[in-house]
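Structure first, commentary second.
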Amino acid sequence: MTKPPTSAKEDLELLRSCAVAAGIIASSYFRRELKTWTKENASPVSEADIVVDRYLAAALLAARPDYGWLSEETVDNPSRLSCTRVFVVDPIDGTRGFINGEDSWTVCLAVVENGVPIAGVVFAPARNEMYDAVKGGGARLNAEPLVRRRRAGSAPLIPAPGAVHQEMQAAGLDYVRGPAYPSLAYRLVQVATGKIDAAVSRRGSQDWDIAAAALILDEAGINFSDVCTGFPVFNKRDVRHGALAALGDMSLQPLVHAALIKVYGCPSETPLSQPVTT
């Protein structure tokens, strides 16, 4: 494999400009009458998802024709596995919220090199929030360094699925249930801002859901990991991941990780009490 001719920083600038354009396109459908349907996995999709996906594929691959492509709304092409760099794209993360008129939906774009994100953008157009990061260059919010604002003196704020809440409460964790933003990527990066103290994901999230957010969290100094295997590896044949946790306070790790493992299990085991859900 030859070395890509562009730097990660140059890739980030491409992602940023395309995210802004994608946000403008998506916003033209937001809170308007919208054609929607349900995919085989029961998740919703809208005409806006498809239009934005087509724009991003055309714009990004025209600029980097040697890069691979992995998107939630495009049929997977295994040729991506032989590419040094791959675009990992979720044209609208939080589609259910987008359809319902909630404003925290995001456009998520990442460049992954040999399994590791090197440039990433999570853009929330309706909130005018652009989160981005480049490998080794830190994370930013609206072009300023992303700094976590600590919630001193308050109980940890943690959004999570109901079964995970039950386990954390049973373990005696003192916390408050946090806001359940429909976009997983947006929920994750809020740990970096300090608006929430931890964010978790059930088994079954996929590369496009988390690749950009994973880099932003890592560059912001936030621990993000698969609770069974560590920091996620991207652009594998199977793009699904195990249960995940982003932690702004590492003292939460033992009980949060234990709750996720009890509910969802690890690859070598299937919990008897809870079904595996995506």
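The values are calculated or read from the model by the stated rules, or taken from the named source; none is laboratory data. Just so it is clear, the structure is predicted and the values come from calculations on it, not from any experiment. Quick reminder, even Gly has a Cβ in these numbers, built from the backbone with ideal geometry, and neighbours come from all protein chains shown.
Summary of values
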item	result
Test: Arg187 is outside any loop (DSSP other than H, G, I, E, B), within 25 Å of Ser71 (Cα to Cα) and not assigned by TED's automatic domain parsing to the domain that holds Ala258	no
Test for Ala58: is it surrounded by fewer than 22 Cβ atoms within 10 Å (Cβ to Cβ), closer than 24 Å to Ser27 by Cβ and touching a residue at least 40 places away in the same chain (Cβ under 8 Å)	no
Residue in region 156-164 that is part of a strand (DSSP E or B) and over 13 Å from the mean Cα position of the chain (by Cα) present	yes
Residue check, Glu33 assigned to a helix (DSSP H, G or I) and out of contact with any helix residue (DSSP H, G or I) (no Cβ under 6 Å at 6 or more places or on another chain)	no
Residues of region 17-62 that turn out to be polar (S, T, N, Q) and either farther than 20 Å from Pro182 by Cα or touching a His at 6+ places or on another chain (Cβ under 8 Å) (or both), as a count	1
Qualifying positions in region 76-94 - assigned to a loop (DSSP other than H, G, I, E, B) and under 16 Å from Asn235 (Cβ atoms)	Asp76, Asn77, Cys83, Thr84
Enumeration of residues in region 95-118 that are surrounded by fewer than 24 Cβ atoms within 10 Å (Cβ to Cβ) and assigned to a loop (DSSP other than H, G, I, E, B)	Gly101, Glu102, Asp103, Ser104, Asn114, Gly115
Residue check for Ala211: within 12 Å of the chain's Cα centre (by Cα), part of a helix (DSSP H, G or I) and over 19 Å from Glu167 (Cβ atoms)	yes
Failed condition for Lys35, given (1) touching an Asp or Glu at 6+ places or on another chain (Cβ under 6 Å); (2) at pLDDT 95 or above	(2)
Scan of region 198-208 for residues that are touching a helix residue (DSSP H, G or I) at 6+ places or on another chain (Cβ under 7 Å) and not in a strand (DSSP E or B), ordered by number	Arg202, Arg203, Ser205
Scan of region 138-172 for residues that are out of contact with any strand residue (DSSP E or B) (no Cβ under 8 Å at 6 or more places or on another chain), surrounded by 15 or more Cβ atoms within 10 Å (Cβ to Cβ) and over 19 Å from Arg202 (Cα atoms), ordered by number	Arg148
Top-ranked residue of region 242-264 - restricted to ones that are touching a residue at least 40 places away in the same chain (Cβ under 8 Å) and in a loop (DSSP other than H, G, I, E, B), ranked as nearest to Ser71 (Cα to Cα)	Ala243
The listed residue being surrounded by 15 or more Cβ atoms within 10 Å (Cβ to Cβ), within 19 Å of the chain's Cα centre (by Cα) and acidic (Asp, Glu), out of Asp76, Asp49	Asp49
Cβ pairs under 9 Å, 6+ apart, first in region 19-38 and of a type outside the set (Phe, Trp, Tyr), second part of a helix (DSSP H, G or I) and exposed (fewer than 14 other Cβ atoms within 10 Å of the Cβ)	Leu34/Glu47; Lys35/Glu47; Thr36/Glu47
